[in-house]
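The values are calculated or read from the model by the stated rules, or taken from the named source; none is laboratory data. This structure is a prediction, so every number in the text was calculated from the model and none was measured. We place every Cβ from the backbone using ideal geometry, glycine too, and count neighbours over all the protein chains shown. Side chains included, ligands, DNA and RNA excluded: accessible areas come from the protein's heavy atoms. Shrake-Rupley method; radii C 1.70, N 1.55, O 1.52, S 1.80 Å.
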Amino acid sequence: MTLDRPESQDIVIVGGTGDLARRKLLPALYNLFLAGLLPEACSIIGFARSKIDEDGFRALAREAVEAGSRRGLDAATWDEFAGCLSYLEASPGGYEELVKRCQQTNRIFYLATPPEAMPEVVHSLAKHGLDKGARVVVEKPFGTDLASARRLNQTLREVFDESQVFRIDHYLGKETVQDILVFRFANSVFEQVWNRTSIDHIQITVAESIGVESRGRFYEQVGALRDILQNHVLQMLALLTMEPPSSFAAEAIRDEKAKLLLAVKPVEPRQVVRGQYTAGVVEGDSVPGYRQEKSVAEDSTTETFAALRIEIENWRWAGVPIYVRTGKRLPFRATELEVAFKQAPIPYLATSDDAPLHPNHLTLRIQPEEKITFQFLAKVPGALLQAKPSEMSFAYDTEAFMVEPTEAYERLIHDVMKGDQTLFVREDAVDRAWAIVQPVIDAPPPVCFYAAGTWGPDEAKALVAPNQWHLR
Ligand code: BG6
């Protein structure tokens, strides 16, 4: 099966000169072009407030591609790609011009703008009749809490039908995140034990070694809970714990995800640890504390780390604790889903290190290495009957596939062009994900400090006791 070239399209990037367009969207569109996956008639229109001309936009795009394209820039074909690019200033008369520019029947408006700009853009599109038959892509953060997310959804609903709305969570475009479904539902052996009878607990970690970089102003309003937990983590949790869908059609999968999120109990603030990094050493470099970062308040209480205990109140998962955490300036970058099985009922078997018997663990490593490992006990060779933890491991890049996974944004933009909503978040799921974290937003526990380069505040260890975090 190969991917098809989508039908002719106009792709309007609203906020086309901004950070997201430069870091992700333009390089992704360019890589789709290299792969022959842009439509034959494709017009990519940058639409933004910046006062630049077409050449300026092409130069900006070239710079963005040189810096961010996973396949570099091919000088021989650059002009062909650059020929698809044009620019329009989002001035008062900008939308009238946009109407003239949008010639194709299929059009996409990619809103690479801050959430507060969204209502005005959506209403301007409608006022100029540009909404008809269009697809609109909305970036995260999708609101800042339940009430604001509902207002955004209401604005979208006033103009668009849900089938036209593509809410992006770029984690859903990652190969290994999509593999969660294949792993669970295409292999009968795991699904048999995927429940409270066999599973002791689940952990999800999204660890970053970077700090807030130049995004201090943005991050001060957001924090780890809104930036990663409410969206990326809950989306991965839904895929890991949902019921089998009746088919792999978009709505069947989105129904199951929404049902799962409905079963997740809103988190109690006492089951939450919020942390903030102080100065420390990460991967050999001394780094400043969060409060010393640019555009961050000296007395900021924004969390750069959050750990929560989650409960799913349904037949499959009742009583199985789910621990999730995310943080910046942790020792290294790693996203992992860890399924810890119950211990075998044979405490009399000795282990080689005199530790208690290690229960089986299944680890889905999403990034940076993409692999799946299963930890089990094997007999240590020799006359003594001793067991030792051993591992079966599958890595994407070394064994069966030998291909570099596509970048998430490439996959997602291609899906928007094809009109496939499977990997996009539906209104009910986004609403529920906010409802799950809203009690913490309303009554945030005090922030605890951790030195950069450590695994977060000690309080996060107590949260999982008597278990331990798998990555530590
Ligand atoms: C974004 C967050 O959604 O995800 C960033 O806003 C974070 O703060 C990023 O760094 C992490 O994405 P990835 O793909 O590098 O794991």
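Per the conditions (1) surrounded by 15 or more Cβ atoms within 10 Å (Cβ to Cβ); (2) within 27 Å of the chain's Cα centre (by Cα), the sole criterion not satisfied by Cys42 is (2). Taken together, Ala258, Ala279, Ala263 contain a single residue that is open to solvent by 50 Å² or more (accessible area, probe 1.4 Å), at pLDDT 95 or above and away from the ligand (no atom under 16 Å from the Cβ), which is Ala279.
Scanning the range 89-106 for residues that are farther than 25 Å from Pro141 by Cβ, in contact (Cβ under 8 Å) with a residue 60 or more places away in the chain and open to solvent by less than 40 Å² (accessible area, probe 1.4 Å) gives Leu98, Cys102, Asn106.
So how many residues does the range 199-224 have that are within 12 Å of the ligand (Cβ to nearest atom), touching a strand residue (DSSP E or B) at 6+ places or on another chain (Cβ under 8 Å) and outside any loop (DSSP other than H, G, I, E, B)? Selection size over the range 199-224: 5. Take the range 226-254 and flag every residue that is away from the ligand (no atom under 12 Å from the Cβ), crowded, with 18+ Cβ neighbours inside 10 Å and assigned to a helix (DSSP H, G or I). Passing the criteria: Leu234, Leu237, Ala238, Leu239, Leu240, Thr241, Ala250, Ile253, Arg254.
Within the range 202-213, residues that are β-branched (Val, Ile, Thr) sit with their Cβ atoms under 8 Å from residues that are modelled with pLDDT under 95 and more than 10 Å from the ligand (Cβ to nearest atom), at 6+ positions apart or across chains, in these pairs: Thr205/His470; Thr205/Leu471. Inspect the range 39-59 for any residue being within 24 Å of His170 (Cα to Cα) and part of a loop (DSSP other than H, G, I, E, B) and give the result as yes or no. Checked against the condition, which is being within 24 Å of His170 (Cα to Cα) and part of a loop (DSSP other than H, G, I, E, B), the range 39-59 yields at least one hit. Applying the selection to the range 255-297, what residues are in a loop (DSSP other than H, G, I, E, B) and of a type in the set (Ser, Thr, Tyr)? The one that is in a loop (DSSP other than H, G, I, E, B) and of a type in the set (Ser, Thr, Tyr): Ser295.
Only one of the listed residues (Arg135, Arg70) is in contact with a helix residue (DSSP H, G or I) (Cβ under 7 Å, 6 or more places away or on another chain), closer than 14 Å to Leu29 by Cβ and basic (Lys, Arg). That residue is Arg70. Quick one: in the range 322-337, of everything that is basic (Lys, Arg) and buried (at least 24 other Cβ atoms within 10 Å of the Cβ), which residue is nearest to the ligand (Cβ to nearest atom)? Filtering first and then ranking leaves Lys328. Quick one: is Thr113 open to solvent by less than 60 Å² (accessible area, probe 1.4 Å) and either without any contact (Cβ under 8 Å) to a residue 24 or more places away in the chain or of a type in the set (Ser, Thr, Tyr) (or both)? Yes; evaluated as a whole, the condition is true for this residue. Restrict the check to the range 144-154 and report whether at least one residue is modelled with pLDDT under 95 and within 16 Å of the ligand (Cβ to nearest atom). Within the range 144-154 (the criterion being modelled with pLDDT under 95 and within 16 Å of the ligand (Cβ to nearest atom)), the answer is yes, since at least one residue qualifies.
Of the residues making up the range 13-40, those that are within 18 Å of Arg101 (Cα to Cα), among the hydrophobic types (A, V, I, L, M, F, W, C) and in contact with a Ser or Thr (Cβ under 9 Å, 6 or more places away or on another chain) number 1.
Scanning the range 152-184 for residues that are open to solvent by 10 Å² or more (accessible area, probe 1.4 Å), out of contact with any strand residue (DSSP E or B) (no Cβ under 9 Å at 6 or more places or on another chain) and outside any helix (DSSP H, G or I) turns up just one, Asp161. Looking across the range 94-143, just one residue is in a helix (DSSP H, G or I) and either within 16 Å of the ligand (Cβ to nearest atom) or on the phi > 0 side of the Ramachandran plot (or both), and that is Pro115.
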